Amino acid sequence: MTTEAEDSLWRWPLATFRDTLASDSPTPGGGSAAMVSATLGLGLVVMALRITANKAPDRVFLDTLILSGERLMAELSAHADADIAVFDAYMAALKLPKATEAEKAARRDALRQATIAATEVPLNAAQTALEGIDLANQAATLAATQIVSDVGAGAAVLRGAVEAVLTAVDVNLRSLDDAARRQVYADSRDHLLAAAGQRADGIARLVRDRLR
């Protein structure tokens, strides 16, 4: 796993994150909460792979999956911090001066760029979470029976995280005046949402069948 920066929310105590999330501070918000949840959900999947690998006669393939899971967890963790950063950038753009026409133009451009970033970050985060669901799908067939329920739980959390983080896209699409860009983002959002639901449903069925 990577070492987090000094201002990373991953350096916070869990209780501090919980309490700050419930406070009147605008950050961390829904995107960060979704990606923290996604990281924890993927952690359950990686745990199941580790436990299974510890008892496997040949763990080479399982170790490859574990490494993939660690990489995705690091990416999800970074997305959680990025969500805070892009919101802060948007708020900073809102506070730019607008007394002259030049200042107004500069402020509009800064807001446009901030809105684009605030839309792309959750889309990228959802894509990473979807890759986590794909890893869970592999783990659901390989994990030991006594631990496969944790794979199912992890996949369910990842699915919810995709749905949650994509709500930020819905909010930001309203502020984009570029119709073509807006449509591209909307199409990506719809694809990610549908894929996450379909794949997570398949994992849930597989886990239930294995536990019967």
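Restricting attention to segment 13-40, report how many residues are touching a Pro at 6+ places or on another chain (Cβ under 9 Å) and without any contact (Cβ under 8 Å) to a residue 60 or more places away in the chain.
So the answer is 4.
Would you please name the residue that is surrounded by the fewest Cβ atoms within 10 Å (Cβ to Cβ), looking only at residues in segment 151-198 that are of a type in the set (Asp, Glu) and not in a helix (DSSP H, G or I)?
Of the residues in segment 151-198, the ones of a type in the set (Asp, Glu) are 163, 170, 177-178, 187, 190.
After this cut, where a residue has to be not in a helix (DSSP H, G or I) as well, the list is 177-178.
Values: Asp177: 9, Asp178: 12.
Top of the filtered list is Asp177.
Considering each residue of segment 131-180, count those that are of a type in the set (Lys, Arg) and modelled with pLDDT of 95 or more, and give that number. Lay out the reasoning, then the answer.
Going residue by residue through segment 131-180, those that are of a type in the set (Lys, Arg) are 159, 174.
Cutting the leftovers down to modelled with pLDDT of 95 or more gives us 159.
So the count comes out to 1.
I'd like the full set of residues that are polar (S, T, N, Q) and either touching a His at 6+ places or on another chain (Cβ under 9 Å) or farther than 20 Å from Val151 by Cα (or both), limited to segment 1-38. So that I can check it myself, show each step before the final result.
Within segment 1-38, the subset polar (S, T, N, Q) is 2-3, 8, 16, 20, 23, 25, 27, 32, 37.
Selection gives Thr2, Thr3, Ser8, Thr16, Thr20, Ser23, Ser25, Thr27, Ser32.
Quick check, is Arg59 modelled with pLDDT of 95 or more and closer than 20 Å to Asn137 by Cα? Please lay out each step first, then the result.
Details: modelled with pLDDT of 95 or more: no; closer than 20 Å to Asn137 by Cα: yes.
Criteria not met by Arg59.
How many residues does segment 148-171 hold that are more than 16 Å from His79 (Cα to Cα) and hydroxyl-bearing (Ser, Thr, Tyr)?
Residues in segment 148-171 being more than 16 Å from His79 (Cα to Cα) and hydroxyl-bearing (Ser, Thr, Tyr): 1 in total.
Scanning for something of a type in the set (Asp, Glu) and without any contact (Cβ under 8 Å) to a residue 24 or more places away in the chain, does segment 133-140 turn up at least one residue? First the steps, then the outcome.
The first filter runs over segment 133-140 and keeps only residues of a type in the set (Asp, Glu), leaving 134.
Adding the requirement that they be without any contact (Cβ under 8 Å) to a residue 24 or more places away in the chain leaves none.
For segment 133-140, residues of a type in the set (Asp, Glu) and without any contact (Cβ under 8 Å) to a residue 24 or more places away in the chain: absent.
Every residue in segment 25-53 that is farther than 23 Å from Leu9 by Cα and either at pLDDT below 95 or of a type in the set (Gly, Ala, Ser) (or both), please.
Applying the first criterion (farther than 23 Å from Leu9 by Cα) to segment 25-53 yields 48-53.
Ala48, Ala53, listed by residue number.
Applying the selection to segment 94-150, what residues are over 23 Å from the mean Cα position of the chain (by Cα) and buried (at least 22 other Cβ atoms within 10 Å of the Cβ)?
Answer for segment 94-150, where residues must be over 23 Å from the mean Cα position of the chain (by Cα) and buried (at least 22 other Cβ atoms within 10 Å of the Cβ): just Ala143.
Applying the selection to segment 29-86, what residues are outside any helix (DSSP H, G or I) and either under 14 Å from the mean Cα position of the chain (by Cα) or among the polar types (S, T, N, Q) (or both)?
Filtering segment 29-86 down to residues outside any helix (DSSP H, G or I) leaves 29, 55-59.
Result: Gly29, single match.
Conditions first: (1) surrounded by 20 or more Cβ atoms within 10 Å (Cβ to Cβ); (2) within 26 Å of Ile116 (Cβ to Cβ). Val46 passes all but one, so which condition is the exception?
Val46 satisfies every listed condition except (2).
The values are calculated or read from the model by the stated rules, or taken from the named source; none is laboratory data. All figures in this text were calculated on a predicted structure; none of them were measured in a lab. Cβ atoms come from the backbone with ideal geometry, glycine included; neighbour counts cover every protein chain shown.
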